[in-house]
């Protein structure tokens, strides 16, 4: 790389904004009859891609509370999100003017308590309950795919031998 290339690269790095921050929820429930884990996917309003509920920072609100609010507004989900995030992913968020900005998404697990019939974005998105494997296949972001795989693994009950070992300490 020549001197001009290095200067251009350095200048680009100096002027680059840090990623924007969003907060999201992997909404989950267990099927009553089978005990199978299901997660919620929704479509984005602009492109129809499969995503999870997410939104921007809200002054005075904790990240897990933002995830809970977005789950309600976008999908009618009422539930409790974990205070600690279960992971992160990044993507390029398309803004109103058409430009894209790097966005880091902090993800919280949200256990679904109820589904509301009426919610702010009803009718603007499709909602589907799927397995973690299906969710990973449908989303575009590689890190979100990995989060679904990790979430499925975390949600598996430990085999009896592992439980006994953990109890013995």
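Cβ crowding within 10 Å ranks 66, 86, 26, 3 as 3, 86, 66, 26, fewest other Cβ atoms first.
Computed over the alpha carbons of region 1-149, Rg followed by Dmax gives 17.5, 66 Å. Between residue 100 and residue 36, the simple spin-label model (points 7 angstrom out along Cα→Cβ) gives 3.4 nm.
Fewest neighbouring Cβ atoms within 10 Å first, the residues 56, 129, 50 line up as 56, 129, 50.
Relative contact order of region 18-168: 28 percent, from C-alpha pairs under 8 Å at least 6 residues apart in sequence.
Coordinate-derived values only; no laboratory data. The structure presented is a predicted model; accordingly, all values stated were derived computationally and were not measured. Using ideal geometry, Cβ is built from the backbone for each residue, glycine included, and neighbour counts are taken over all protein chains shown.
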